[in-house]
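Nothing in this text is a laboratory measurement; each read-out follows from the coordinates by a stated rule. This one's a predicted model, so the numbers in the text were calculated from it and none came from an experiment. Neighbour counts are summed over all protein chains in view; Cβ atoms, including those assigned to glycine, are modelled from backbone coordinates with ideal geometry.
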Amino acid sequence: MENSIGIIGGGQLGRMLAFAAMQMGFRITVIDPTPNSPAGQVAHKQIVADFTDEDAIMSVAQKCRYVTFEIELANAKVLDALAERGVSVQPSPQTLSILQDKWRQKTFLSNCRIAIPRFELAHDNAELLLQALQKFGGPIVVKARFGAYDGRGNYVVRDKNDISGALEKLHGKSLYVEEFVPFKHELAVIAAKSIQGEVSLYPVVQTVQQNNICHLVIAPAPIETNVLDQAKELAQNAMEQLEGAGVFGIEMFETEDGQVLVNEIAPRVHNSGHFTIEACRTSQFEQHIRAITGMPLGSTKMLVPAAVMVNILGNRTGGARITGVTEALASEGTSIHIYGKEETRPERKMGHITVTAGNLEDAMQRAQCAREKIGI
Ligand SMILES: Nc1ncnc2c1ncn2[C@@H]1O[C@H](COP(=O)(O)OP(=O)(O)O)[C@@H](O)[C@H]1O
Ligand SMILES: [Mg+2]
C-alpha cells in the first residue's frame, strides 16, 4: 500500500511511467479499457475499465497510496473525491479540471498573463464561426474543448468555405476558436513541480508536427537565446500558477517575429519529453514518480550534446509486426522503444526512436536513417 501507485490510463505514457516507478520499487496498478494495454503488460495489475469509471478508480484508491494519470480524460470529479479521502492524487484534480478543458485552460492562462494566441468560445453554428473569422481577421483554428489529441479535435478555417467542413468534423462537440498562428517553430518544455512547490525545467526542445501529430523532437532546440529565454520564462510562470505536483508538457509556438506563445499545457508526461530517457540525468518518467510521491526532483541536465526523437507511427491497419530493429540499432547511439500495441493504424503511435550524438546534425541524420529501417 505505502509503495503502490495507481495510474489512470494504460497507454505508452503509463507504460514508461510504470517502468520508471518499478525500478524505484513501487507496485503499479493501471486502469484502462483495453485488456493487455501497453502499461497493463508491464504493471503488477491492470483493471479493465474506462478512465472515468468511478468504481474502478475507487478500488484502485483502496490499494494505492498514490494515484496519478497519463491522460487528460481522467475523471476529475472522482479524483477530487479521492483526494478528499486522503489519497494523494497528483497533479491535483483541480489542475486537471482546468487543463482538460482547452477553453478553460486558455482563460486560465490569459488570467495569469501568459502569452497565448487570441481565442474565444464558439458554438456549433456556421453564422457564429463566420463572425469569429471576421473578428480575428485571418484564418482561425476551430478546436474541440475536450478529449482531443493528435490534432483530432482541430480544424483550420481559412475562409468561409471551410466552415461546413469544420462543423462536420467537430459535430456535437463543445468548441472554441483561436487565431491561426503562422509559427516559425514549435517548441516544448517539460516541467516538473515537486510536492513542496519547487519547479524544475528540462531544456527547451523543438517539435515538428506533421498532420498535427508529433513526428520529431530536437533537443536542445536550435534557436536563438532570446527565444529560449522567453520559452523558459513562460514555462516557469505557468508552473508557478498551476497547483499540484508532477510533470507537465508545455507546447509553444515561436511566431515569425520571434515571440513565444503557449499553445497548450498537458498535466502529464509528454511525447516531447521521451528524449529524456536516454539524454538526461533524470527521465521525465522518473521525475514524475519522484514529484508525485514527495521525493526530491532529479537533475534535468542533458548528459549528451544532442538528441533527436522520432515517433514510429503506423501506416496501415492490422496486426502489428515489427521489422528492421537489428538494422536500425546498427547506427551508433540509437535506442528503440516499442509500445506493445497489438493493432497498428495509420498515424497511431506504435513506438519511438531516440538517437543521442555529439551534435544535432549527426543525431538527426542517424534518427532518420534508423526510422527508415523500421517497419510496423
Ligand atoms: N492556433 C494555431 N495556429 C497554428 N497551428 C496550430 C494552432 N493550434 C494548433 N496548431 C497545430 O496543430 C497541432 C495540434 O494542435 P493542439 O492544439 O496542440 O492539439 P492536440 O491536443 O491535438 O495536440 C499543433 O501542434 C500545431 O501544429
Ligand atoms: Mg498539442
Residues that are among the polar types (S, T, N, Q) and farther than 25 Å from L99 by Cα, drawn from segment 130-154: Q131, Q134
Tally of residues being of a type in the set (V, I, T) and either surrounded by fewer than 24 Cβ atoms within 10 Å (Cβ to Cβ) or touching a Gly at 6+ places or on another chain (Cβ under 7 Å) (or both) across segment 5-27: 1
Spans of helices (runs of 4 or more DSSP H) in segment 269-376 with at least 1 residues in contact with a His (Cβ under 8 Å, 6 or more places away or on another chain) and not β-branched (V, I, T): 284-292
Selected residue (criterion: farthest from ligand 1 (Cβ to nearest atom)) from residues of segment 209-227 that are of a type outside the set (A, V, I, L, M, F, W, C) and assigned to a strand (DSSP E or B): H215
Single unsatisfied condition, H270 versus (1) of a type outside the set (D, E, K, R); (2) more than 16 Å from ligand 1 (Cβ to nearest atom); (3) under 17 Å from the mean Cα position of the chain (by Cα); (4) within 25 Å of I116 (Cβ to Cβ): (2)
Test: residue in segment 188-197 that is among the aliphatic types (A, V, I, L, M), under 16 Å from the mean Cα position of the chain (by Cα), farther than 14 Å from Q287 by Cβ and within 16 Å of ligand 1 (Cβ to nearest atom): yes
Segment 233-267: number of residues that are without any contact (Cβ under 8 Å) to a residue 60 or more places away in the chain, of a type in the set (A, V, I, L, M) and within 16 Å of ligand 1 (Cβ to nearest atom): 1
Filter result for R348 (over 18 Å from P38 (Cβ atoms), buried (at least 17 other Cβ atoms within 10 Å of the Cβ) and of a type in the set (K, R)): no
Matching residues in segment 351-361 - criterion: being surrounded by 18 or more Cβ atoms within 10 Å (Cβ to Cβ) and either among the acidic types (D, E) or within 21 Å of the chain's Cα centre (by Cα) (or both): G351, H352, I353, T354, V355
In segment 154-163, the residues that are crowded, with 17+ Cβ neighbours inside 10 Å, within 16 Å of ligand 2 (Cβ to nearest atom) and over 19 Å from the mean Cα position of the chain (by Cα): Y155
Positions within segment 28-43 being assigned to a loop (DSSP other than H, G, I, E, B) and buried (at least 24 other Cβ atoms within 10 Å of the Cβ), in sequence order: S37, P38, A39, G40, A43
Segment 124-153, subset of a type in the set (K, R) and touching a Phe, Trp or Tyr at 6+ places or on another chain (Cβ under 7 Å), residue farthest from ligand 2 (Cβ to nearest atom): R145
Within segment 245-259, tally of residues that are more than 13 Å from ligand 2 (Cβ to nearest atom) and closer than 22 Å to L297 by Cβ: 3
Leading residue by the ranking (surrounded by the fewest Cβ atoms within 10 Å (Cβ to Cβ)) among those in segment 260-281 that are within 14 Å of ligand 2 (Cβ to nearest atom), under 21 Å from I353 (Cα atoms) and of a type in the set (G, A, S): S272
Criterion (in a strand (DSSP E or B) and more than 21 Å from Q90 (Cβ to Cβ)) met by exactly one of Q230, Q206: Q206
Pairs, first without any contact (Cβ under 8 Å) to a residue 60 or more places away in the chain in segment 146-162, second near ligand 1 (Cβ under 9 Å from one of its atoms) and aromatic (F, W, Y), C-beta under 7 Å, six or more apart: V156/F180
